[in-house]
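Report on the structure given below.
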Amino acid sequence: RIFSFLDVVTLCRCAQVSRAWNVLALDGSNWQRIDLFDFQRDIEGRVVENISKRCGGFLRKLSLRGCQGVGDNALRTFAQNCRNIEVLNLNGCTKITDATCTSLSKFCSKLRHLDLASCTSITNLSLKALSEGCPQLEQLNISWCDQVTKDGIQALVRGCGGLKALFLKGCTQLEDEALKYIGAHCPDLVTLNLQTCLQITDDGLITICRGCHKLQSLCASGCSNITDAILNALGQNCPRLRILEVARCSQLTDVGFTTLARNCHELEKMDLEECVQITDSTLIQLSIHCPRLQVLSLSHCELITDDGIRHLGNGACAHDRLEVIELDNCPLITDASLEHLKSCHSLERIELYDCQQITRAGIKRLRTHLPNIKVHAYFAPVTPPPSVGGSRQRFCRCCIIL
């Protein structure tokens, strides 16, 4: 019973104490959750095979993240021996192919969470296999598996309609048609990541909003084709939304964010970096309607001014919620904004890179009120002195982390 609380390293040390402890420490019931990430450089297929034989049906959770020496054969043996596995992390196991998913489909019907990020040999065949053999799948990460197309997504969602989290970051072949399949078959979806899926447009995402009313986290950063229609659809259909990441979506405006803020009052994290059309109007709406806001990125939103920060600093989220605000490359921000943030007692970090009107004195005054805050800032170049003797001294920008 005591050994069941120990981590892998401690169990291995205990196994060396005596024969009696060896039997106890290596009992399969103590090896229900294993994370081998710390040993990734040394792990080979035979190690995974030995673990699977030791643990057998006891093993519920295994992380092989970054174990690049593990291939399909080892994972076939693993799947045969560990049929009760529920959580499997194969992120960065670059040797595996569709054969691994075929094995999981055949032997591991209880699988709920599967991470295949950066396993670039994975194709639509893997998704078809998972659909047929892993009906309890709730979370799937196939980020950077760029061979996956709408056909694979269609096959997946038909058999795994209970998906709650789907990570498709960097799946560059996906089009709106793939999202329409998700919207039609995954009503329980809570988390969706579509970062850098460049072909996605309003049509596909609107289908997601209409079919997935439980959506709480959406990342569409880099999907530069989307417009305010998405923000309107989120506001009308997804009131539980907590996280929205739309960095580099330059077509989004104050109009869309106004609708969003007035309907999605549970927002906690927003990444609006390079949403270059938004102004103080967006901040005013967030300050009024989003009392739970904790993290806000406005970097490269060059129309934001001190007045917008003033409203944010006086908003419902300011005193007890707001933890991080990023204002890199906001040229209209001055020390006045720092004064407005003094009342944000939960503020832990502020980014001010390339805010030319922010001074050291302003940062010092802010830290007087918030002594534990981390401030990252660039200061303007020092004005060089007049040239002497025909030569001019060169000055560089300086970065400080206070």
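The values are calculated or read from the model by the stated rules, or taken from the named source; none is laboratory data. Computed from a predicted model, the values in this text were never measured in an experiment. Positions of Cβ are backbone-derived with ideal geometry, glycine not excepted, and every protein chain shown enters the neighbour counts. Side chains included, ligands, DNA and RNA excluded: accessible areas come from the protein's heavy atoms. Shrake-Rupley method; radii C 1.70, N 1.55, O 1.52, S 1.80 Å.
With both labels modelled 7 Å from their Cα along Cα-to-Cβ, the F58 to V255 distance reads 6.3 nm.
Dipole of segment 246-312 computed with +1 at Lys/Arg Cβ and -1 at Asp/Glu Cβ about the Cα centre; of L293, L312, C264, farthest Cα towards the positive end is C264.
Between Q357 and T227, the distance separating the two model label sites (each 7 Å from Cα on the Cα→Cβ line) works out to 3.2 nm.
Computed from the Cβ-Cβ distance with R0 of 30 Å, the FRET efficiency linking Q68 to R240 stands at 0.20. The C-alpha atoms of the chain define a longest principal axis, and helix 45-55 lies at about 70 degrees to it.
Solvent-accessible surface (1.4 Å probe) assigned to V148 amounts to roughly 0 Å². For the chain, the longest principal axis of the C-alpha atoms and the axis of helix 176-185 are separated by about 60°. Accessible surface for segment 55-187, divided over its residues, is 37 Å² per residue with a 1.4 Å probe. The residues neighbouring L111, those whose beta-carbon lies less than 12 Å from its own, together hold a net charge of +3 under the Lys/Arg +1, Asp/Glu -1 convention. Taking a point 7 Å from the Cα of V276 along the Cα-to-Cβ direction, the residues of segment 225-258 with backbone N closer than 19 Å to it are 225-228, 246-257.
Can you give the calculated 222 nm mean residue ellipticity of the chain, where each DSSP H run of n ≥ 4 adds -39,500 (n - 2.57) and the sum is split over every residue, rounded to the nearest 500 deg cm²/dmol? List each step's numbers first, then the result.
On the way: 15 runs with 140 residues, N = 402.
Computed ellipticity for the chain at 222 nm equals -10000 deg cm²/dmol.
To one decimal place, what Kirkwood hydrodynamic radius in Å is obtained for the chain from all pairs of distinct Cα atoms? When all Cα pairs of the chain are included, the Kirkwood radius is 23.8 Å. Tell me, what is a quarter of the convex hull surface for the C-alpha atoms of segment 216-379, in nm² with one decimal? So the Cα hull casts an average projection of 7.8 nm².
Extension gain, V324 to N50, is 94.1 nm, computed as 0.36 nm per intervening residue step minus the present C-alpha separation.
Could you work out the local net charge near D280, counting Lys and Arg as +1, Asp and Glu as -1, over the other residues with Cβ closer than 13 Å to its Cβ?
Overall, the nearby charge balance is -3.
When the inverse distances between all different Cα atoms of segment 271-347 are averaged and flipped, the Kirkwood radius reads 11.9 angstrom.
Site pair D307 and R292 shows an inter-label distance of 3.1 nm when each label is modelled 7 Å from Cα along Cα→Cβ. Taking the C-alpha atoms only, the angle from helix 124-133 to the longest principal axis of the chain is near 60 degrees.
Summing Lys and Arg as +1 and Asp and Glu as -1 over all other residues whose Cβ lies under 12 Å from the Cβ of L260 gives a net charge of -2.
For the chain, what % of the accessible area comes from carbon and sulfur atoms, probe 1.4 Å? Answer for the chain: carbon and sulfur cover 48 percent of the accessible area. Secondary structure note: in the chain, about 10% of the DSSP beta bridges are antiparallel. The separation of segment 260-278 from segment 235-250, counted between C-alpha centres, amounts to 6 Å. The stretch between T172 and A336 holds 54.8 nm of extra length on full extension. This uses 0.36 nm per residue minus the Cα-Cα distance.
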